[in-house]
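Below is one structure, written out as structure tokens; the observations come after it.
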Amino acid sequence: MKLTQVNVHLMQAGAPTHTAWGGAGKSALASGRNWLFAEVHTEEGLVGVGEGSGWPRVVAAALPDLAPLLLGEDAFQTERLHQKLRVAMMGHGHLGVVGSGALAAIDTALWDIKAQALGRPLCDLLGGRVRDRVPYYAHVKDAETARAAVARGVRALKVGGTRQIVERAWAIREAIGPDVDLIVDLHGPAWLTGADAVAVGRALEGAHLLFLEEPVAPDDPLGWRRVRDSVALPLAAGERLGTLAEFDQLIASGLVDVVQPDTGRTGGPTQLKKIAALAEARALQLAPHSGSLGPVAEFAAVHWMAASPNGLILERLEPDWDGKQAAVARSLQASGGYIAVPADAGLGTSLDLAFVAAHPSERNIALPAGGWEPGTEQEIPYLQARRSRARIVDR
Ligand SMILES: [Mg+2]
């Protein structure tokens, strides 16, 4: 399976019809969402596809630099090629989410080729299925959207942001009853102090969350320790990390119960397998991040979850922009709160190149709105005193 060509496809993606993240703000996805896909071709005619996040427009510039290192190589040598690309990027400093996003795009495409060549779904190469369907959770913003999600069969929900978050989370819990799982994502804004996160966490303990996500920023270890020591809820994080070493630190820290890699920026299946093993060794569970991801990364997440014994639940924007289905030849099938694991050989999908080309990238950054305390986003500083504490922690 000699590699002959790497094609890069970058597109502007749209936002869901409604965003779950509180307030009147519109989703940052409306103007800043890009999807980046790599197609890797072989001499035999097989084409693998992968997706890279971690700032897609920047990853798109990195991939053509890496492509010559792959030409003439054997697609089956995924571990060696993964190592080769890491070495090639050493001179740029730590990989971070951009380097790890480039790795993810290529590595996923190589595993797709390998699985296609063997005539097996990707999960069979990652250890085989431990489950035939993957549970997912959807975003909601209030009791009404929560009831609607439950009515269509979703069995786990997430509400996010900080504005009146305790009040909103309790309203949702009371609307859905005890049998539907509830997650709260504070998005770890740097201005949310450990003290405030503890107050929110304690106020939510009785709501029996599946987990509390990013109570403080990932670069605030003292805040994390304070929350961990003071809040009796499972904690989750990991969506902003890229490398195996970063996940090792998170997993070994004892600060989280649930690990949330973004399958577009964590090095592809080669590294995802290792992250799953690190987490399994410490009895931690996996809940892959989705957020702004496109359809190919979601296919990768489903195969990984299908083969990971400690897979807990997958994030999924539902509803999402219609283009998520239109950008690929085949879409994942979701019903009753589960996504069926694809049985087709390989990853199970391919790009609709005409659709992708018809949506050229325009902009790939936006200030989040709606998930942030009003007032702070007018002032912009990354780290500053938050406003309206009662609006955050009161019920
Ligand atoms: Mg999150």
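Computed from the coordinates by the stated procedures, all read-outs in this text should not be read as laboratory data. Please read these numbers as outputs of a predicted model, since none were measured by experiment. So basically every Cβ, Gly included, is an ideal-geometry build from the backbone, and we count neighbours across all protein chains shown.
Observations, loosely collected:
- Simple point charges give the picture: +1 on the Cβ of Lys and Arg, -1 on the Cβ of Asp and Glu, and for the chain a dipole about the Cα centre of about 480 debye.
- Sites excluded, GluC sites (Glu not before Pro) in DSSP loops with at most 13 other C-beta within 10 Å, longest stretch of the chain: 45-361
- R0 of 30 Å, Cβ-Cβ distance A195-A277: FRET efficiency to nearest 0.05: 0.25
- Label-point gap, in nm, between F76 and D219 - each point 7 angstrom along Cα→Cβ: 4.5 nm
- Per-pair calculated FRET efficiency, R0 = 22 Å: D322 and L353 via Cβ, rounded to 0.05: 0.80
- Placed amide H near V328: partners under 5 Å, 5+ positions off or other chain: D352
- Seen from T270, the other residues with C-beta closer than 12 Å to its C-beta sum to a net charge of +4, counting Lys and Arg as +1 and Asp and Glu as -1.
- For segment 124-352, the Cβ-based charge dipole about the Cα centre amounts to some 240 debye (Lys, Arg positive; Asp, Glu negative; other atoms uncharged).
- Efficiency of FRET between Q333 and L118 - r from beta-carbon atoms, R0 25 angstrom, step 0.05: 0.60
- S253 versus L69: modelled label distance in nm, points set 7 Å from Cα along the beta carbon direction: 2.8 nm
- Linear extension gain, A340 paired with E43, 0.36 nm per residue minus alpha-carbon span: 103.7 nm
- Reciprocal of mean inverse Cα separation for the chain (Kirkwood radius, Å): 21.1 Å
- Cross-link reach list, lysines versus K274, counting only Cα pairs under 30 Å and skipping chain neighbours closer than eight places: K2, K84, K114, K158, K324
- Ellipticity estimate at 222 nm from DSSP helix runs (n ≥ 4, -39,500 (n - 2.57)) divided over the chain, nearest 500: -11000 deg cm²/dmol
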